[in-house]
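Structure first, then comments.
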């Protein structure tokens, strides 16, 4: 059984399970949720334990690999998980194949744009001059 | 051949009696959508503000420390904890555990108690109540 295969052996024989595909998405959403469990906790704990949240302190924090790398991962996995999650909401509540496609595409484009902006900002902070 | 019709969409909220499990299920979606849209927008702005320097960061902190900004940030914190705890509950039920009526109800209530409690403690700390 591959990682994305959600059907049981009996289910395969009886033809029960995802109508087309979907096991992969289901697994991917859970993988990203476990990753966010760690990264989200790290993010909140970091904000909590930083002595101050002024520009100098957060810049210094994100200038080093210990801040920049987990933050980049947090950004990527957050946007990925958001796209997965919002897709479930769209697929559940939006009627019509065309409307669903339009919403899901819009969300995907916005998420890629948002994640790119975040990574650009992070790069500028991490590779810029130390304050 | 039968005409192609839109399949029914779920769920039909009005016919169910409300309970903690249902409330938590709905909250998981609402907080997920809120974190995806508002949360990631704030995160993007914050990172851009840090990379933008003194003036950009000052604008961010000015808005964030305004009472409307604080309400949004406190709301996002609660949404984070609610989605986190409810997400952990989902991962547990994905394994097939926690479906006994009493356990399921109790775990649903605990996610709400936990999220409110964690939000209160965290913001009491941020707003300097422990100093």
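All of the numbers you see were taken from the coordinates with simple rules; none came from a lab. Nothing here was measured: the structure is a model prediction, and the numbers come from that model. Note: ideal-geometry Cβ built from the backbone for every residue, glycine included; neighbour counts use all protein chains shown.
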Item to complete: Please give, to one decimal in nm, the separation of the simple spin-label points placed at residue B:67 and residue A:54, each 7 Å out from Cα toward the Cβ.
Response: 2.7
Worksheet entry | Residue of B:56, B:108, B:64 that the Gaussian network model of chain B assigns the largest fluctuation, springs spanning Cα pairs under 10 Å | B:56
Worksheet item: Is there a simple number for the mean count of other chain Cβ atoms within 10 Å of the Cβ of residues in A:104-116, and what is it?
Response: 1
Response to the item:
Percent relative contact order for chain B, counting Cα pairs under 8 Å at least six residues apart, stands at 31
Worksheet item: Taking the Cβ-Cβ separation of residue B:102 and residue A:24 as r and a Förster radius of 41 Å, what is the calculated FRET efficiency to the nearest 0.05?
Response: 0.75
Practice prompt. Give the shape of chain B as rounded, prolate or oblate, defined through the alpha-carbon gyration tensor: a ≥ b ≥ c are the square roots of its eigenvalues, a/c under 1.5 means rounded, and otherwise the shape is prolate if a/b is larger than b/c and oblate if not.
Written response: oblate
Worksheet item: GNM, chain B, Cα, under 10 Å: largest mean-square fluctuation among B:114, B:96, B:34?
Response: B:96
Worksheet entry | Inter-label distance for residue B:127 and residue A:108, nm, one decimal - labels placed 7 Å from Cα along Cα-to-Cβ | 4.3
Practice prompt. For chain B, set up a Gaussian network in which alpha carbons nearer than 10 Å are linked by springs, and say which option among B:51, B:107, B:25 fluctuates the most.
Written response: B:51
